[in-house]
């Protein structure tokens, strides 16, 4: 590889993983990136911490070591770890009814629905039937009240379907009722601060100047969302209501950044995602301290549901709040890797077999006809070849 692509990136890289740096840099050289960061650790030891490119499409602001970007549904994985923290301290019982913490949730026959169904996407609440006005996604009370009143779209526990928009308000309200703290506060105090990383939800205004813009690029072959039948599919209902849930421009507004949306609006970088997943690679430990017991990490991380997704209309697999790698949707070569991706390509994962944790965050959102992201493959190939 010539030295030219390497000029696109900065940061540190263990020499044993130089091919990973080359693959990351080549994505820039191939025009697949605008700005991005990549971080990887092995058993908690960081071996890759790279960044490059620009925060804006005019290329006037360079991506720096402390740059931030919205990581969309990578937020769900971090919210799952916050829930793991609450379970470990006896504040939340996965098998207790949601209504035990949130009495209003018992409406519409949901009185016995257990907390774990919120995490496994079995609750039947991926969409809100009542039309929500623009701005509702950033209104905590509006979203939680609508979800408390909503009847399940299928009998809870009989199938799973991705709760792409509603996941965070559902589990976040349980956390709020059970702990007296919002999910973002738990993440900041119990995860980000001990790990010395930035996981912001909401994003403080002072961070705006180092937060990236977002650029959406759509394939000429159409997007993944074109597969759905608007008349019969749950997908359009789930992702189109409130209308701000499917508006990339909205995701750069003050309204979005100052809100708490634990399904979608955490602002972070690759280093932060890598470090939080390195806790799981180390079986629940932060340094010499135990954040959560090993057996709880294993329970949250194992596959709980797998098969045809009632919302996505293709195969998916979930742990407790985490996506699982499957042959149809791979996060690298290991069969046990889990974590969460974010719309357009961001990724936070752990491979418990190899001790790998990885964070990837970027501002060029790639929406293609399937879930494949062309930037991931070369990085995974180089990483696993180096192990």
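Laboratory data are not the source of any read-out in this text; all were calculated from the coordinates shown. Only a predicted model underlies this, so the values are computations on that prediction, with no experimental measurement involved. In this analysis, Cβ positions are derived from the backbone assuming ideal geometry, glycine residues included, and neighbour counts consider all displayed protein chains.
Stokes-Einstein diffusion for segment 172-288, with the hydrodynamic radius set to the Kirkwood value over Cα pairs and evaluated at 4 °C in a medium of 1.567 mPa s, equals 77 µm²/s.
Of 158, 144, 223, the residue with the greatest mean-square motion in the GNM of the chain, using alpha carbon springs below 10 Å, is 158. Helix-derived [θ] at 222 nm for the chain: sum -39500 (n - 2.57) over DSSP H runs of at least 4, divide by residue count, nearest 500? Calculated from helices alone, the mean residue ellipticity at 222 nm is -7500 deg cm²/dmol. The angle between the Cα long axis of helix 140-149 and the longest principal axis of the Cα atoms of the chain comes to about 50 degrees, rounded to the nearest 10. Exposure proxy shown here: for 282, 134, the number of other Cβ atoms within 10 Å sets the order, fewest to most, as 134, 282.
Under a Gaussian network description of the chain, with springs only between Cα atoms under 10 Å, the residue in 345, 31, 52 that fluctuates furthest is 31. For segment 193-241 versus segment 143-160, the inter-centroid distance based on Cα atoms is 22 Å.
Stokes-Einstein diffusion for the chain at 4 °C, viscosity 1.567 mPa s, with a Kirkwood radius from C-alpha pairs, works out to 62 µm²/s.
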